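Below is one structure, written out as structure tokens; the observations come after it.
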Amino acid sequence: MPEHTTASRLRLSGLCFLLQILTIILFAVFVRYSPEGSPSLCSQQLNCSWKNQDSGFQHPRFRDVHLQALLGFGLLVAFLSRYGLGSTAISILIVAFAIQWAVLIQGFLYFFLNGKIYVGAQSMVSADFCTAAILISTGAVLGRGNPVQMLLLTLLGVTLFTLNEYILLSLMGVSDSGGSLTVHTFGAYFGLMVSRILHQPHTDKRKEQQDTGHQPDVFAVVGTIYLWIFWPSFTSATTVRHNTEPWAVLNTYFSLAASTLATFVLSPVLYEESILRMVQIQDATLASVAMMGMAGEMLVTPFGALIAGFLAGLIPPLGFRFLTPVLRSRLKTQDTCGVHNVHGLPGILGALLGTLLTALATADAYGGRLELVFPLVAQGSRTATDQALCQLCALPITLLLATLGGFLTALSPGSPNSDSSLALSRGSPAAKRPAEITSC
Amino acid sequence: MPEHTTASRLRLSGLCFLLQILTIILFAVFVRYSPEGSPSLCSQQLNCSWKNQDSGFQHPRFRDVHLQALLGFGLLVAFLSRYGLGSTAISILIVAFAIQWAVLIQGFLYFFLNGKIYVGAQSMVSADFCTAAILISTGAVLGRGNPVQMLLLTLLGVTLFTLNEYILLSLMGVSDSGGSLTVHTFGAYFGLMVSRILHQPHTDKRKEQQDTGHQPDVFAVVGTIYLWIFWPSFTSATTVRHNTEPWAVLNTYFSLAASTLATFVLSPVLYEESILRMVQIQDATLASVAMMGMAGEMLVTPFGALIAGFLAGLIPPLGFRFLTPVLRSRLKTQDTCGVHNVHGLPGILGALLGTLLTALATADAYGGRLELVFPLVAQGSRTATDQALCQLCALPITLLLATLGGFLTALSPGSPNSDSSLALSRGSPAAKRPAEITSC
Amino acid sequence: MPEHTTASRLRLSGLCFLLQILTIILFAVFVRYSPEGSPSLCSQQLNCSWKNQDSGFQHPRFRDVHLQALLGFGLLVAFLSRYGLGSTAISILIVAFAIQWAVLIQGFLYFFLNGKIYVGAQSMVSADFCTAAILISTGAVLGRGNPVQMLLLTLLGVTLFTLNEYILLSLMGVSDSGGSLTVHTFGAYFGLMVSRILHQPHTDKRKEQQDTGHQPDVFAVVGTIYLWIFWPSFTSATTVRHNTEPWAVLNTYFSLAASTLATFVLSPVLYEESILRMVQIQDATLASVAMMGMAGEMLVTPFGALIAGFLAGLIPPLGFRFLTPVLRSRLKTQDTCGVHNVHGLPGILGALLGTLLTALATADAYGGRLELVFPLVAQGSRTATDQALCQLCALPITLLLATLGGFLTALSPGSPNSDSSLALSRGSPAAKRPAEITSC
């Protein structure tokens, strides 16, 4: 057994080495910094219409570049409160690799020109959104895959995320600045499908106990505060302009406040405990940012944000109470950190709300903001109804890509269900050594 | 007893529901986002002279909007180090409700026009200052009121805070950009008066032990670092301009540094312990930001900030040693988190220092900054002495409103001293079930 | 013994009082805020050529002033993960005193004019870099000197840091915006030399155990996230301009990502444990920011940053495994927090890398950035080769000043090896009462 552990340690070491060398070579061949004075490089390409919309406000992007590492780390702290410190090292490995890989993959799609990828602050922010989606996927699988599998999940997840984002934002012209669909929904269902395939009947029972083990609430406190402080800025990363009021930021704050009250309304009714745990407030917080991802910049009245936030805050308590047991027993899908309740469902509802708001969008209500939120509608090349249809179609496409991608990822070499040389042998499946797996 | 607990849980749930629905309805009827291109909306009103002074620098405000949630959370972490994790959930509920309510109440006073309240980034920053004051009040009462009482305290506290701020800033033209009076002094004495009325002889003895229980210092470390990093920006929120040196920020940093040394000077003399606890350094930090609230932008020399900070740092050790026991035994006022020592007294001293500096203010020393700090003096409609008198009068007004308001709040329906249906029955007063109370 | 403890407590109290009074008097006599409208005050002096380069971009500096307290606190949290909470109070005392003292000492060199020191946001940022270096020195000595010694170390360390920085940046025109040499290398070797002189044979054995004691990983998690989020901005503090891509920020991010993977590659090979501890990832993070201090703004391709980061990530595991035991046994130098592995060696390698990159610098590759990174080369007063020679010479000068300064500091009054009245008597050397020493 110890020999096997040594082999498994060295395999991770070797895989990290190979991936890093591969990335360095690809960077050396393809990646260069954007030359100065060419912020609008992207506009020379046909397929980056969503980037064009950015080209006018370089400064907010640049200003925020020092915040870009925050997005993923907020999620990371949130997961610590559900799963404990053991998951940190592997999560940071995933962040470190996903950022490099996302710069490469997204670079080929968006910033490729004359045989080179020109990266800049924009690339890092885009890569960070991608990393956030991968971390959400990880949240569904934590403690059930070994580090090697997690790296493969990252490798394929980044690629599929970029494909989905490209189809939605560039080809279909969907507005989803905060990533209700691209980040939250994609991340959740991709991870859930991987989790479903990795399911092993006799190991999940023991896990079940571990899941419900109460982690110290200190991480939930830190996670909640972190999300309140920094997330509203991310939801609105692409809509902040110099002379407009930051509606997306304000909408997100209002919805955070309302979702917190919703938890206080519903939790005492559903649970017998007299004590409201901090992790439940954190769930409400995450759910409302997932809900506001698409709708945040579309809501034109504050009370709309309050209602949406209140509804979002109702989802996690209901989900954990009624849906998670069904998922686990009927659908054989373990969801370690409950990403279905705090990212998946709120993301879908956010997309539906966004579709509704798009259909109702009028130039009167939006004024000059219409050009920011729905550039194609403002230019007259689409009606609001067409745009709403596009937004609606984006939902099944995302779900399809996420589940199909998750299915393929879980079956790929490296998974315990396959016979690849990279995989652990069937005789000692990953789930049997939780200490090693979850700690590294 | 369990039945009663269930009833109490459901009453909180119901109250949250009612308050959220009420807020949503009021938002739906009254609150709209500011239309674009009208940053100076406020100037159309007569009663917002203090807001006019802001209208020129929209950008710093906008830039800082993602930081606005920080203010209250800094206090929240500071209280965790005094009272432990049990107080977090209820504190976050208070933050969530106070922000919504403050937007409404302040909106009626400052942003009401044509039957609508027009909110924007400014409203959120103002609401956050209000939330900070309410959290300070909460610090005096933590563990002694039930959640229902805390919500009523929030409801009335926000209203009284707004009234006091309106009288001071708009009617009297007082300069108090960092809130020495409006935030720290008001919050502390409002909370202390509520605490005094809630006093119940036979329950306080047990509490006493809990107060002095040593919470793990990790929260004090986090709280101190947090305050050092973020608070200086808040003290100066209204005085940052493009081309002026950020004196208020620098003054606050210098005073933070000096107050830390003051604690190292005084604590070993007053206490026998050889170990300086982190929470004492945190107290010095809080005291010096309360002190700098009004004077921060008025000090024109760095050594003045060092002296003021040093004096502020002496207050909490002296207060905890000599004043808190007197408050508790003679005045029957329990002060859970010591807000009198770290907010109340330093706030009053800060106001007196601010008055002195105002009286000494000359156009020579301030230069172009005079218009920012004392717009009425710069416009010639007041002499520096008149302004100083106004600043001085603001202190008794704040104390009067805070104590009177606290008195009325504690006697209002919901308190254990009243017979309201919302209140807990006298037979099982709030203070008898500390676990339930402090945890939710 | 208790009497002695009381004396020691009061001595610290008295020293703090004296130092604070001294600082206040010096501030009162010399320090004033910069008058308005004179951002280019510095340019009137001959000896601040490196500051001139700043005068054009006041705004980024001003914008970042609220972040300036972050730099030191990041290191502080990192040390907590190595040495525990006991070191916090004394570390914050050091931060509080070092900032005041650095403003004074640096003021005399850089901002002295007409008999006054004119301070502003720039002074605070410079003072914060100095504080970071002193904290690194502290990291080598933690738990081995008493608070009085630590204050003397701060007093002399700040002075020597300023001298070294002045020689390197102003006299020699070296480019070291992120402080590979001035902060990391100087801080590490200054602290290590103090540690060497304080060495006491029979006390170090017990310490050894304490060093390897596993602190809870929660601080390492917080420290790592903190460094990822905020440090890249510091590395590039002086190179951010409005219209240039923030290469230094991006380079630092890429190197952080690669160094994390390097730890996952090397640690399993060197250590038997199957569990990768968070503190190892934190070490890699610190090493890569030390490496990028000088080279961050000079690397013109992303893959260069990946390679440099990967190499930096290899240093701490190798250093802790092979070098620290040698340092301890042969060179009798205890290194409490391993600053040699995470700051010293990576700083030296960063300086060598910077030298290489300087020698290769061409106007073609840098474009308009050449003026920012190598103003003297851009102005034609130096060739790239001359500049590279200067960068190279800066390394031995820094090492010499750091070790010589550390030697003198450790022998100065207050150290247990001296007979000063301030020092503890030989009969009860500092290292014998670790509880008192490390806690206060």
Within the stretch A:233-247, is even one residue surrounded by fewer than 24 Cβ atoms within 10 Å (Cβ to Cβ), at the interface with chain B (Cβ under 7 Å from one of its Cβ atoms), modelled with pLDDT under 80 and assigned to a helix (DSSP H, G or I)? yes
Looking at (1) closer than 26 Å to C:S34 by Cβ; (2) open to solvent by 10 Å² or more (accessible area, probe 1.4 Å), find the lone condition where C:P147 falls short. (1)
Would it be correct to say that B:V326 is free of Cβ contacts under 8 Å to residues at least 24 places away in the same chain and either in contact with a strand residue (DSSP E or B) (Cβ under 6 Å, 6 or more places away or on another chain) or buried (at least 23 other Cβ atoms within 10 Å of the Cβ) (or both)? no
Count of residues meeting criterion [part of a loop (DSSP other than H, G, I, E, B) and not polar (S, T, N, Q)] in the stretch A:137-156: 4
Count of the stretch A:304-313 residues which are more than 9 Å from chain B (Cβ to nearest Cβ) and open to solvent by 40 Å² or more (accessible area, probe 1.4 Å): 1
Please determine whether any residue of the stretch B:394-411 is modelled with pLDDT under 85 and open to solvent by 10 Å² or more (accessible area, probe 1.4 Å). yes
Could you count how many residues in the stretch A:112-136 are in a strand (DSSP E or B), at the interface with another protein chain (Cβ under 10 Å from one of its Cβ atoms) and open to solvent by 10 Å² or more (accessible area, probe 1.4 Å)? 1
For the stretch C:351-377, which residues satisfy the criterion of being surrounded by fewer than 17 Cβ atoms within 10 Å (Cβ to Cβ) and in contact with an Asp or Glu (Cβ under 8 Å, 6 or more places away or on another chain)? C:G367, C:G368
If you go through the stretch C:173-192 one residue at a time, do you hit one that is at pLDDT below 70, surrounded by fewer than 24 Cβ atoms within 10 Å (Cβ to Cβ) and away from chain A (no Cβ under 12 Å)? no
Name every residue in the stretch A:263-279 that is among the small types (G, A, S) and more than 7 Å from every other protein chain (Cβ to nearest Cβ), in order of residue number. A:S267
Between B:L266, B:L331, which is assigned to a loop (DSSP other than H, G, I, E, B), of a type outside the set (S, T, Y) and open to solvent by 10 Å² or more (accessible area, probe 1.4 Å)? B:L331
Check whether at least one residue in the stretch A:278-298 is outside any helix (DSSP H, G or I) and modelled with pLDDT of 85 or more, and report yes or no. yes
Against the condition modelled with pLDDT of 65 or more and among the polar types (S, T, N, Q), how does B:S259 come out, does it pass? yes
Among (1) more than 21 Å from C:L389 (Cβ to Cβ); (2) within 14 Å of chain A (Cβ to nearest Cβ), the one test that C:A365 misses: (1)
Looking only at helices (runs of 4 or more DSSP H) that fall completely inside the stretch C:365-412, which ones have 1 or more residues that are under 30 Å from C:I197 (Cα atoms)? C:384-411
Scan the stretch C:317-325 and tell me whether some residue there is within 21 Å of the chain's Cα centre (by Cα), at pLDDT 90 or above and within 14 Å of chain A (Cβ to nearest Cβ). yes
As an exercise: evaluate A:T301 against (1) open to solvent by less than 10 Å² (accessible area, probe 1.4 Å); (2) free of Cβ contacts under 8 Å to residues at least 40 places away in the same chain and give the number of the one condition it does not meet. (1)
Test each condition in (1) touching a His at 6+ places or on another chain (Cβ under 9 Å); (2) in a helix (DSSP H, G or I); (3) open to solvent by 40 Å² or more (accessible area, probe 1.4 Å) for A:G344 and report the one that comes out false. (3)
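The values are calculated or read from the model by the stated rules, or taken from the named source; none is laboratory data. This one's a predicted model, so the numbers in the text were calculated from it and none came from an experiment. With ideal geometry, Cβ positions are generated from the backbone for all residues, glycine too; neighbour counts draw on all protein chains shown. Only protein heavy atoms, including side chains, enter the accessible area calculation; ligands, DNA and RNA are left aside. Shrake-Rupley method; radii C 1.70, N 1.55, O 1.52, S 1.80 Å.
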